Amino acid sequence: MEQSKKSLPVHWDEDGYSVTRTTAWSGPGCHEGCGVLLYVNKETGKLEKVEGDPEHPYNQGHLCPRCISLPQTIYHEQRLMYPMKRAKEDRGKDRWERISWDEAIDTIVAELSKVNETYGPGSVLAFRGTGRDALWHPDKVATLFDSPNTTGTLSGNSCYAPRAMVYAMQAGCFSVIDVAQFFADRYDHPRWKCPETIVVWGCNPTVSNPDNFFGDWIVQCMKRGAGLVVVDPRLTWIAAQAKVWLNLRPGTDTALAICMLKTMVDEGLYDKEFVEKWCMGFDEMKTAIDVYDYDFLAETTGVKLETIKKAARLYATSKPASIHLGVSIDMQRMGTVAAMTIADMVYISGNYDKPGGNVAMQDPYGIRYPGGGGWGQEDLTQEQRERLVGYHEKPLVKMGMFVTQPDDVAVQCITGEPYPIKGAWIQGTNTLACMGTDPETWMKVLNQMDFVGAADLWMTPTIMAHADVVLPVATFAERDGLRANWYNVSTINKAIEPVGECKSDAEIVRLIGEKARPDLMPYDSEQEIFDMFLQRHGRAPFDFAEAQERCWDYPDFEYERYEKGMLRPDGQLGFMTPSGKIELASSLMAMFGYRNVPYWEEPYKSPVSTPELFEEYPIVLMTGARSFYFHSEGRQIPLQRELMPEPLVYVNPTDAEKYGLKEGQWVWVENDKDHCKQKVSITVTVQPGQALASHGFWFPEGDPEDLFGFWDVNVSRLLELGHCGETGFGADIKCTLCKIYPMEDGE
Ligand SMILES: Nc1nc2c(c(=O)[nH]1)N[C@H]1C(S)=C(S)[C@@H](COP(=O)(O)OP(=O)(O)OC[C@H]3O[C@@H](n4cnc5c(=O)[nH]c(N)nc54)[C@H](O)[C@@H]3O)O[C@H]1N2
Ligand SMILES: Nc1nc2c(c(=O)[nH]1)N[C@H]1C(S)=C(S)[C@@H](COP(=O)(O)OP(=O)(O)OC[C@H]3O[C@@H](n4cnc5c(=O)[nH]c(N)nc54)[C@H](O)[C@@H]3O)O[C@H]1N2
Ligand code: SF4
Ligand SMILES: [Mo]
C-alpha cells in the first residue's frame, strides 16, 4: 500500500475552530471525492468555511464554487428539515404536513409493500440520479420490495453507460486515462509517465470533473509537457489550449473517429505487435472502415481532412498518448459506435494499460457498491430478476448492463404491459427538471403511481409535483460515509450535527430495510453497512473505523495487467472477454445480433438526415453543457446563482444578427416536438449554425404550485424518448435541430 503522509489527524483544533478532514461526496452534488477541510466554529457549532485539503492526493488543495458555498447550502432556509407527507389527491399542491420519522418510514414501507403485494415483483421502481453518493441506495430500496427495477430517466441511458458498455464488451472493463491518479505520490511516482498527447473528446473536464476524474489533472500534465487535441464543437477553455482543435458538427463523432482510425490503419501508424498478440477482429474492423471515403467523412464532420489526419498522426506517433471521453459521446444515437471506434484507436495504438495511456479500471480491494450501485440484486430470486424491464427483449439488460433502459421503462409504466409499475422511490434525482428526457412523459409515468416516496435535500419540482412522502437528507458535512472510486478508498467524516431532523441516505435505507425486510438488513448502524462493504463484499485490509482514521487509502496499482493474469478472475493472461483478447469485433455484440464494427449514420434529426426539417429549424442544437452548477442543484445558493441567474442559450454573433437576437433577451427555442424559453448569450465560442441551451433550470424562489417555473425553461421538452441506438444505448441529446426567435412583449 502506498500512502501519502498526513501531517495532521482527522480532527484537530485551530484558532477557535474544530477542523475535520473529510472527502466531499454529495450532497450537495458532485462526482468527485475531493479532500476538504471543514472549519466548524467551536462556540456556535456551525460550519463556517471549507478549504481544499492540500494533502489529499486527489485534488491537492483545489476547490470549486460548490464546495466553497457549502455553508450557504447547509444553513439555507429552504432546506428540507423534517419528514413530510401529503394526501394523494393533493399532489402538486403545497399542502405538506410535518410527520415523525417513525410515521414516515412506516408509511413508505406499508405503501410500497402494498404495491408489491397487489401487482407483484417489479412493480416498485426506484429512480436513481447521476453518480453521487445516493447511488447504491435506491437500488437497495427496490430490492427490499422484491423488485429488480431501478432506472434513470435520460433517453438511451446516455450518460456513461454507452461508453462503459462498449468498453466492457471489447476489453472486459471500463478504462480511463492515466494522469498519475492511481498513486498517492502522484506526478512524482517513478513508474508513471506523462502522456505526450492527450485527446480530450466531447468533454470539458476543467469545468465538469466528471466520473471520478478531476479536470485539473490534465492541466498538471500540460505543465509537464503534454500536448492536447480537443474534439468539441465549442471553443472551450481547454480547446483553446490545444495543438489541434477538431471543431466538428455535433453528433458526427463517429465519422470523425472512423476518419482518424482509417488514417492510423492506412498509414501503418499502429502497434502491430500488440495487435497481433493481444487483439482479435482487426481485419473485420479494417474491412468495415475501408468502405468509407476520406472526403465524405471529413465533409460530414465539417472539419478539414488535413486537420483530422494531423490529429490522428499526432495521437498515433506520441508515446504515451491517451484519449479521454466525455458525456457528449454518449449523448448521440451513435454513442456506442463512436465509443467503439475511438476505443479501437486506443487499442491498436498500443497505449492500453500502459503508463500515461488508457488504463483498465478495477474496484479498489474489490469494493464495489459504494462506487457504483447494485446492492441487493443478489437477494432476488431468479423469477424476480426476470421481472427486470427489458430482461426478455434486451440481451444487454439481461446481462446486467446498467439495470433498465429508461425508454422501455416509460413505455411499460404508461401501458402497464407486461405488468403494471405502481410504486416509485426517488432518491438523488430530479426527474422532471433535469434527468428526464421528454419530461411530459415522465410526469405521466409518475402520475399513474399509487405511491411516490422521495429523499432529497430540497423540495424539487419533481417532489412537489408527485411525492406523497418526502424525507430530508443530510449533507456530507453532517454524516459519515464511504467512497470507493477506482483509485482510492476515502471516508466521509462527520463534522457537524445535521440541521433539523436530516438523516443520511445510508441511514434512510437502513431504516426502510429494518422495517421492511430485517432479514436483508441485519445492520444496527450505517457504519456496520460500510464495514460489510469493505470486508465482506470487498477485501479491504481495514474496517470502517480504521478507514476513517486514514481518511484515504491508495491500493497498489500495476500496469500491463493483461501480461500478469490480473484482469481475469481465473488468473489467466489477457482480458476478461470470451477470447481473452481485446475484441476489435466483439463476439458478444455479434452473438446478441448487434453490429460490432464501426459504421456511420447521421443523427436522427440533422441537416443531412432531415433536410426538410432543417429548412424550418436551421440551427443544430446541443442541450446541456456543464456549468459550475451541478445539474439542477444550487439555484438557491447565492454564491452560485449570481454567476448564472437565468438559463442561457449561447449563439454565435452571425446567428444573433441573422435571427435578430439581442444579448440578454428572452427567446423561444423551438423544434417540431416542443419549445422552451431561455435568455440569449452571444459568444464566438459557439460556431455559426449551432447553439447550446442550458438544462436543469428551475426557480426555487418561485411558486411551488407552478413547480418553481421549471416547465417553461426546460430544454428537454424538445427531445424525444424512443430513438436510441440499436443496443438501446445512446440518444441524440446534444445533436438535434431548432430555431430561435425573440419572445414578443407580454409572452
Ligand atoms: N437536456 C439535457 N438533459 C440532461 C443532461 C444534458 O446534458 N442535457 N444531462 C443528463 C445527465 S448526464 C445526467 S447524469 C442527469 C442528471 O440528472 P439528476 O441526477 O436527476 O440531477 P439533478 O437534477 O441535479 O438531481 C439530483 C437531485 O438529487 C439531490 N441530491 C443531491 N445529492 C444528494 C444526496 O446525496 N442524496 C440525495 N438523496 N439526494 C441528493 C439534489 O438536491 C437533486 O434534487 O441529467 C441529464 N439530463
Ligand atoms: N460543474 C458540473 N460538473 C459536472 C456536472 C454538472 O452538472 N456540473 N455533471 C456531471 C455529469 S452527470 C456528467 S455526465 C459530466 C459530463 O461532463 P462533460 O463530459 O464534460 O460534459 P459536457 O460539458 O456536457 O460536454 C462536454 C463538451 O462536449 C461538447 N459537445 C457537445 N456536443 C458535442 C458533440 O456532438 N461531440 C463532441 N465531441 N462534443 C460535443 C460541449 O460543447 C462540451 O464542451 O459532468 C459531471 N460534472
Ligand atoms: S470537484 Fe469541486 S464540488 Fe466536486 S468535490 Fe471537488 S471541490 Fe467539491
Ligand atoms: Mo451524467
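Results for (1) within 22 Å of GLN332 (Cβ to Cβ); (2) touching a strand residue (DSSP E or B) at 6+ places or on another chain (Cβ under 9 Å); (3) not aromatic (Phe, Trp, Tyr), shown as yes or no for each residue.
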{"position": "ASP253", "(1), (2), (3)": "yes, yes, yes"}
{"position": "ASP290", "(1), (2), (3)": "no, no, yes"}
{"position": "GLU299", "(1), (2), (3)": "yes, no, yes"}
{"position": "THR317", "(1), (2), (3)": "no, yes, yes"}
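The single condition among (1) under 30 Å from MET589 (Cα atoms); (2) of a type in the set (Phe, Trp, Tyr); (3) touching an Asp or Glu at 6+ places or on another chain (Cβ under 7 Å) that PHE213 does not satisfy is (3). Would you mind stating whether GLY374 is touching a Cys at 6+ places or on another chain (Cβ under 8 Å) and at positive phi? Judged against the criteria, GLY374 is not a match. With respect to the stated conditions, ARG186 fails to be within 16 Å of ligand 2 (Cβ to nearest atom) and of a type in the set (D, E, K, R). Go through the residues of the stretch 325-332 one by one and say whether even a single one is open to solvent by 10 Å² or more (accessible area, probe 1.4 Å), touching a residue at least 60 places away in the same chain (Cβ under 8 Å), of a type in the set (D, E, K, R) and more than 16 Å from ligand 3 (Cβ to nearest atom). No, because not a single residue in the stretch 325-332 is open to solvent by 10 Å² or more (accessible area, probe 1.4 Å), touching a residue at least 60 places away in the same chain (Cβ under 8 Å), of a type in the set (D, E, K, R) and more than 16 Å from ligand 3 (Cβ to nearest atom).
Please pick out the residue among ASP106, ASP102 that is part of a helix (DSSP H, G or I), over 27 Å from GLU701 (Cα atoms), open to solvent by 50 Å² or more (accessible area, probe 1.4 Å) and free of Cβ contacts under 8 Å to residues at least 40 places away in the same chain.
The unique qualifying residue is ASP102.
Inspection of the stretch 271-284 finds no residue satisfying the criterion of being acidic (Asp, Glu) and under 30 Å from the mean Cα position of the chain (by Cα).
Of the residues in the stretch 92-99, at least one is more than 16 Å from ligand 2 (Cβ to nearest atom) and closer than 15 Å to MET449 by Cβ. Taken residue by residue, the stretch 103-119 has at least one member that is in contact with a Phe, Trp or Tyr (Cβ under 8 Å, 6 or more places away or on another chain), of a type in the set (S, T, N, Q) and under 25 Å from GLU417 (Cα atoms).
Restricting ALA454, ALA477 to those that are surrounded by 23 or more Cβ atoms within 10 Å (Cβ to Cβ) and within 16 Å of ligand 3 (Cβ to nearest atom) reduces the list to ALA477. Evaluating LEU511 against the criteria (1) closer than 24 Å to GLU549 by Cβ; (2) modelled with pLDDT of 95 or more leaves one unmet condition, (1).
Summed over the stretch 368-417, residues that are touching a Leu at 6+ places or on another chain (Cβ under 8 Å) and hydroxyl-bearing (Ser, Thr, Tyr) total 1.
Inspection of the stretch 175-189 finds no residue satisfying the criterion of being under 30 Å from PRO578 (Cα atoms), within 13 Å of ligand 1 (Cβ to nearest atom) and either touching a residue at least 24 places away in the same chain (Cβ under 8 Å) or more than 21 Å from the chain's Cα centre (by Cα) (or both).
Quick one: is GLN78 on the phi < 0 side of the Ramachandran plot and of a type outside the set (A, V, I, L, M)? Quick ask: steps written out before the conclusion?
Numbers: on the phi < 0 side of the Ramachandran plot: yes; of a type outside the set (A, V, I, L, M): yes.
Answer is yes for this residue.
Listed by first and then second residue, the pairs linking a residue in the stretch 146-162 that is on the phi < 0 side of the Ramachandran plot to a residue that is outside any loop (DSSP other than H, G, I, E, B) and near ligand 4 (Cβ under 9 Å from one of its atoms), with Cβ atoms under 7 Å apart and 6 or more places separating them unless they lie on different chains, are GLY152/MET435; THR153/MET435; LEU154/MET435; SER158/ASP330; CYS159/VAL327; CYS159/ASP330; ALA161/ASP330; PRO162/ASP330.
Scanning the stretch 36-70 for residues that are within 16 Å of ligand 1 (Cβ to nearest atom) and either assigned to a helix (DSSP H, G or I) or exposed (fewer than 15 other Cβ atoms within 10 Å of the Cβ) (or both) yields PRO65, ARG66, CYS67, LEU70.
Of all the residues that make up the stretch 646-685, how many are under 27 Å from THR441 (Cβ atoms), of a type in the set (Asp, Glu) and open to solvent by less than 60 Å² (accessible area, probe 1.4 Å)? Residues in the stretch 646-685 being under 27 Å from THR441 (Cβ atoms), of a type in the set (Asp, Glu) and open to solvent by less than 60 Å² (accessible area, probe 1.4 Å): 3 in total. The number of residues in the stretch 223-255 that are among the polar types (S, T, N, Q) and within 16 Å of ligand 1 (Cβ to nearest atom) comes to 1. Scanning the stretch 109-137 for residues that are within 17 Å of MET449 (Cα to Cα) and either part of a loop (DSSP other than H, G, I, E, B) or touching a residue at least 60 places away in the same chain (Cβ under 8 Å) (or both) yields a count of 18. Among the residues of the stretch 173-183, is any of a type in the set (D, E, K, R) and out of contact with any helix residue (DSSP H, G or I) (no Cβ under 6 Å at 6 or more places or on another chain)? Looking for residues that are of a type in the set (D, E, K, R) and out of contact with any helix residue (DSSP H, G or I) (no Cβ under 6 Å at 6 or more places or on another chain), one finds at least one in the stretch 173-183, hence yes.
The lone criterion from (1) farther than 25 Å from TYR369 by Cβ; (2) surrounded by fewer than 18 Cβ atoms within 10 Å (Cβ to Cβ) left unmet by THR73 is number (2).
The values are calculated or read from the model by the stated rules, or taken from the named source; none is laboratory data. Please read these numbers as outputs of a predicted model, since none were measured by experiment. Every residue, glycine as well, gets a Cβ built from its backbone with ideal geometry; the counts of neighbours run over all protein chains shown. Please note that ligands, DNA and RNA were not included when accessible areas were found on the heavy atoms of the full protein model with its side chains. Shrake-Rupley method; radii C 1.70, N 1.55, O 1.52, S 1.80 Å.
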